[in-house]
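The values are calculated or read from the model by the stated rules, or taken from the named source; none is laboratory data. Keep in mind the model is a prediction, meaning the values are calculated, not measured. Heads up, the Cβs are rebuilt from the backbone with ideal geometry, glycines too, and the neighbour counts pull from every protein chain shown. Only protein heavy atoms, including side chains, enter the accessible area calculation; ligands, DNA and RNA are left aside. Shrake-Rupley method; radii C 1.70, N 1.55, O 1.52, S 1.80 Å.
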Amino acid sequence: MGEVSASIQDRFWEKVVKGPAPEDCWLWTAAVADDGYGRFTINAGGQTQAVRPHRFAFHLATGVPLHSFGPLMHDCDVPICVHYSSSIELTHLLEGTDRENMLDRLAKRRDKNGSDFRWRGLAREHFAARSRALRDEVRDHGWSRPERVRSLIAGLDPDAPTLF
């Protein structure tokens, strides 16, 4: 894909809610696929094409053609985050290889045997449900309720009663 028109860029960014702090997630507020990752539809060369929003954000920021870079790893582990920055301290998306992605997954205990990852062992529909709950919160309220957003990012149910 060549240069992206301003209208496509505008349509993309209208679907993103950026957190109030520079290091916060930028969350996708539109379609979420059954695997919990976002979906963004573009028309390229007369064909409709669905792309992952985090990949599209990386493309917009770097100019690297959409299909010419490999896996992107979410350092924040939030599937609907699209926060890419050239600053390594701020970016949530890192270029990597399949192997690096798997090593990152193991290191963060996101593999099926991991014991402390907030989304570990969830069936696909639950994984998607968590992304959709986070998406719905920021779509409906932005970051005006940061405790709820951060709870959802952490994989916690903000409506669950507390012990004390």
Rounded percent of accessible protein surface that carbon and sulfur make up, the chain, 1.4 Å probe: 50 percent
Calculated FRET value between ARG139 and GLU95, using beta carbons and R₀ = 41 Å, to 0.05: 0.90
In region 1-89, the GluC sites (Glu not before Pro) that fall in loop regions by DSSP, at most 12 other Cβ within 10 Å: GLU3, GLU14, GLU89
Highest-MSF residue in the chain out of ARG148, ARG130, ARG99 [GNM, Cα springs under 10 Å]: ARG99
Cβ-Cβ FRET estimate between HIS126 and CYS76, R0 fixed at 30 Å, reported to 0.05: 0.95
Acute angle (nearest 10 degrees) that the helix 53-62 long axis makes with the longest principal axis of the chain, alpha-carbon atoms: 50 degrees
Most mobile listed residue (PHE127, PHE56, PHE69) in the chain, GNM with C-alpha springs under 10 Å: PHE69
Two-site label geometry, ALA61 and ALA154: point separation in nm, points 7 Å out along Cα→Cβ: 2.5 nm
Whole-number accessible area per residue in Å² for region 33-91, which is evaluated in the context of all protein chains at 1.4 Å: 44 Å²
